[in-house]
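See structure below.
The values are calculated or read from the model by the stated rules, or taken from the named source; none is laboratory data. Just so it is clear, the structure is predicted and the values come from calculations on it, not from any experiment. Cβ placement follows ideal geometry from the backbone for every residue including glycine, while neighbour counts extend to all protein chains displayed.
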Amino acid sequence: METRGVVIICCKHLEIQTFKIQDQELICLKEKLDSYFSEYSYFLMPHTGYQIAQNIKLNGLLSEIRNDRKQQIINFVPKLLAPENLDINKIGPSIVTASSLFEHFKNGIQFYRNLDLLNIRNILVIKYNLPAMLNAVDMYEELMNTFCGPNLPYLKNERFQSAHDVCYNQAI
C-alpha cells in the first residue's frame, strides 16, 4: 500500500544534497532514476532491529528477524508476485527478465552475506553490467541454436568455429 508519507520519505532520500559530500556515482544514479524506470512505487518495511542491523555474523535466517518484519514480508511477497503487478519492466534500455532479476537478488544476497561494504563501487559496476552479460549469453545461445541446435545435424569443427565466431561477435 502506497501512502503519502512513504512517498515523501523516499523522495527526500532521493534528493541530491549539495551541502553534503556525496559520491559522484550516487549523484548520477539519483539524477537518472526516473529515466531508468517507467514507473515505481514504494513499500515501506519496518526496521530490522538493531540486533540484526549491527550483527556482523548475520546469515539471513528468518528466525533472527522480528515477527512484525516477517509479517510485512508475508504481505509484500504476494503483492510483488501478483499477476496484475507483473509486467515488462526496463532498467535503462534493457528489459528486465526473470533470470536477470533473480541474478540481481542472488548478487545482493551474496553481497550482504560477505559484508564487503568497502567495494560498493565494484558491486554497482557488476549490477549494471550483469543484465548486458545475461542478454549476450541468451542471444549467443539462440544464435548458436540456429547453426547447431538439438534438431540440426552435426557440424564439422571448422564450420562450428565459424558459427561460434559469428554468433559471439553478434552477441557482444
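In the stretch 60-152, which helices (runs of 4 or more DSSP H) lie fully inside it and hold 3 or more residues that are among the acidic types (Asp, Glu) and either in contact with a Ser or Thr (Cβ under 9 Å, 6 or more places away or on another chain) or modelled with pLDDT of 80 or more (or both)?
On the way: elements: 67-81, 98-114, 120-148.
Correct list: 120-148.
If you take the residues in the stretch 153-172 that are part of a helix (DSSP H, G or I), hydrophobic (A, V, I, L, M, F, W, C) and under 25 Å from Glu103 (Cβ atoms), which one is nearest to the chain's Cα centre (by Cα)? Let's see the steps before the verdict.
Residues of the stretch 153-172 that are part of a helix (DSSP H, G or I), as a first pass: 157-171.
Right, trim to hydrophobic (A, V, I, L, M, F, W, C) and you get 160, 163, 166-167, 171.
From the residues that got through so far, the ones that are under 25 Å from Glu103 (Cβ atoms) too are 167, 171.
Working: Cys167: 26, Ala171: 21 Å.
Result: Ala171.
Looking at the stretch 136-166 only, could you name the residues that are surrounded by 10 or more Cβ atoms within 10 Å (Cβ to Cβ) and hydroxyl-bearing (Ser, Thr, Tyr)? Write out each step before concluding.
Step one: list which residues in the stretch 136-166 are surrounded by 10 or more Cβ atoms within 10 Å (Cβ to Cβ), which gives 136-149, 152, 155, 159-166.
Once the filter is applied, which keeps residues that are surrounded by 10 or more Cβ atoms within 10 Å (Cβ to Cβ) and hydroxyl-bearing (Ser, Thr, Tyr), the stretch 136-166 yields Tyr140, Thr146, Ser162.
Can you find a residue in the stretch 28-40 that is at pLDDT 70 or above, of a type in the set (S, T, N, Q) and touching a strand residue (DSSP E or B) at 6+ places or on another chain (Cβ under 8 Å)?
No, there is no match, as no residue in the stretch 28-40 is at pLDDT 70 or above, of a type in the set (S, T, N, Q) and touching a strand residue (DSSP E or B) at 6+ places or on another chain (Cβ under 8 Å).
When you scan the stretch 60-77, how many residues do you find that are exposed (fewer than 10 other Cβ atoms within 10 Å of the Cβ) and either under 17 Å from Ala98 (Cβ atoms) or in contact with a His (Cβ under 9 Å, 6 or more places away or on another chain) (or both)?
Number of matching residues: 0.
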